[in-house]
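Okay, structure first, notes after.
The values are calculated or read from the model by the stated rules, or taken from the named source; none is laboratory data. All values derive from a computational prediction rather than experimental measurement. Here Cβ is always computed from backbone atoms with ideal geometry, including for glycine, and neighbour counts include all displayed protein chains. Please note that ligands, DNA and RNA were not included when accessible areas were found on the heavy atoms of the full protein model with its side chains. Shrake-Rupley method; radii C 1.70, N 1.55, O 1.52, S 1.80 Å.
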Amino acid sequence: MNSPTPAKLSPIVYFIGFTAALAGLLFGLDIGVISGAQGFLQKDFAVSDHVLEIIVSALLWGAFFGTLISGILSNKLGRRRAILVSAVIFVLGSIVCSMAPNAQILILARFFLGIAVGVASFTAPLYLSEISPQRVRGSMISMYQLMITIGIVIAFLSNTWLATYATIGGVTGGHWRLMLGIISIPAAIMFLGVIFLPESPRWLFLKGYKDEAIGVFHRMRLPDDDIQREVIEIEESLRVRQNGFSMLLENRNFRRAIGLGIGLQIIQQLTGINVVMYYAPRIFDIAGYSSTAHQLWGTVIVGVTNVLATFIAIAFVDRLGRKPIMYAGFVVMGISMVSVGLLFNMDLEKSPVLGTWAIGALLLFIIGFAMSAGPIIWVLCAEIFPLSGRDLGVTFSTATNWIVNAIVGQTFLTLLSSFGNGNTFLLYGGLNVLFVIFFLFFVPETKGVSLEKIETNLLAGKPLRKIGR
Ligand code: BGC
């Protein structure tokens with residue numbers, strides 16, 4: 001369906017893509033910030049590891065809840081206003097977190113902040129996919145993942161500065177309250193940017209504002225042919241759009257796609273990526289790097305690796321296809337996690353160099369994730385659902401992401417203490433190897449296939465791994 005000679009995109013399309021992807025930045029900032037803050041707030045509030053796990057994962061449960069209400073919010077208010085609501089919660093939530101007088105309030109505030117993360121993680125990709133011209137839709141979604149990784153790295157950098165270097169009120173380092181509060185600034189910037197975004201044309205159509213929707217396309221300076229095609233497609237998809245729930249009850253094939261989306265997001269989280277994202281300083285500690293500065297700079301390197309390796313996926317996802325990259329990424333992740341596990345089971349005090357090797361393997365794991373599961377799971381989840389049940393399908397898969405994310409965040413320290421450092425990583429390594437089998441049997445190759453074709457194949461009852469052919 002691509003135009004033979006695609007016209008150049010106007011700068012406003014890039015502005016829209018960038019501004020909406022800022023939601024990913026905030027998602028990333030909130031994920032990244034807690035790793036640097038936890039050591040200090042654990043000391044200040046004198047809380048156990050278990051309470052610390054709850055502080056870490058409260059945001060994730062909030063995000064789960066936020067995802068569940070996102071469907072209603074983005075349907076009633078519109079996508080743009082739903083993102084605005086999330087920006088307001090981002091600002092308020094970050095400020096309250098930074099002022100929390102005790103662990104209980106911090107847990108509540110992080111749950112509240114999590115609602116913003118959940119709403120943003122649902123609405124921003126949805127908005128992007130609904131407003132982007134068809135031929136750049138894939139890269140717009142990848143841009144969102146790139147922003148997540150950039151958000152994480154900015155949080156890591158700001159943590160490092162505030163933890164060790166910044167002198168505020170005569171005190172140098174340890175400023176965890178500022179780490180949490182500073183996120184309100186990018187959140188406020190996003191709020192201002194989103195005010196200028198147009199509403200999603202698809203939502204405008206859904207609510208009967210056809211002229212306004214076409215006005216948005218004109219504002220984006222799309223060529224008339226493209227506009228006409230988009231309008232026909234939207235109108236067609238709207239004919240069958242509103243019956244997601246009845247589809248869930250009546251259509252087994254739709255349920256299969258939901259199962260696949262849920263499976264993919266469980267897998268993304270059980271790779272163990274967020275064990276590293278949330279607890280990197282602790283992992284550096286296990287590897288023998290006991291100074292805070294080393295741990296935080298190490299964490300920054302993890303974040304930068306995550307950003308850079310995401311470009312591997314962006315470069316190859318449409319050339320090599322989704323599955324080859326997934327296989328490569330999961331093999332890399334499996335081998336590297338098992339190596340970290342084996343090394344952590346050795347006597348690191350006797351030979352400290354083993355700790356450095358373990359960190360090398362950890363970075364390899366990050367590369368494996370960022371080039372595969374990070375962006376591609378989100379891309380696949382945006383591709384496999386039939387249009388009429390897409391909101392519902394994405395709700396299921398995104399909510400799953402957050403539940404499993406929370407479980408991983410909430411169990412890591414307990415696993416370390418009950419199962420042992422090395423064995424915990426061996427467990428995640430083993431899972432990564434197992435997941436390759438799932439790809440073999442259930443995951444379709446969707447490179448270069450139109451969404452309509454995927455939908456037709458799915459609804460015709462083809463095996464999941466063949467719906468992209
Ligand atoms: C995942 C997050 C993860 C991030 C790391 C995202 O795709 O959903 O859970 O923290 O990637 O880059």
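List of remarks:
- A search for C-beta distances below 8 Å between a residue of the stretch 248-264 that is part of a helix (DSSP H, G or I) and any residue that is of a type in the set (D, E, K, R) and open to solvent by 40 Å² or more (accessible area, probe 1.4 Å), counting only pairs 6+ apart in sequence or on different chains, returns L248/R255.
- Meets criteria (buried (at least 24 other Cβ atoms within 10 Å of the Cβ), assigned to a helix (DSSP H, G or I) and among the aromatic types (F, W, Y)) for F111: no
Results for (1) under 29 Å from the mean Cα position of the chain (by Cα); (2) away from the ligand (no atom under 16 Å from the Cβ); (3) not basic (K, R), shown as yes or no for each residue.
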| residue | (1), (2), (3) |
| --- | --- |
| I234 | yes, yes, yes |
| M247 | yes, yes, yes |
| A280 | yes, no, yes |
| S291 | no, yes, yes |
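- Residue in the stretch 301-341 that is modelled with the highest pLDDT, counting only those that are open to solvent by 20 Å² or more (accessible area, probe 1.4 Å) and not in a helix (DSSP H, G or I): L320
- Of the numbered criteria (1) in contact (Cβ under 8 Å) with a residue 40 or more places away in the chain; (2) open to solvent by 70 Å² or more (accessible area, probe 1.4 Å), the one P201 fails is (2).
- Of residues in the stretch 396-406 being open to solvent by less than 10 Å² (accessible area, probe 1.4 Å) and among the polar types (S, T, N, Q), the one farthest from the ligand (Cβ to nearest atom): S397
- The number of residues in the stretch 368-395 that are assigned to a helix (DSSP H, G or I) and either away from the ligand (no atom under 15 Å from the Cβ) or touching a His at 6+ places or on another chain (Cβ under 9 Å) (or both) comes to 9.
- With a requirement of 2 or more residues that are more than 15 Å from the ligand (Cβ to nearest atom) and closer than 12 Å to A20 by Cα, the helices (runs of 4 or more DSSP H) lying completely within the stretch 137-200 that satisfy it span 184-195.
- Cross-chain or 6+ apart pairs with Cβ under 6 Å, the stretch 281-300 first and part of a loop (DSSP other than H, G, I, E, B), then open to solvent by 60 Å² or more (accessible area, probe 1.4 Å): G288/P352
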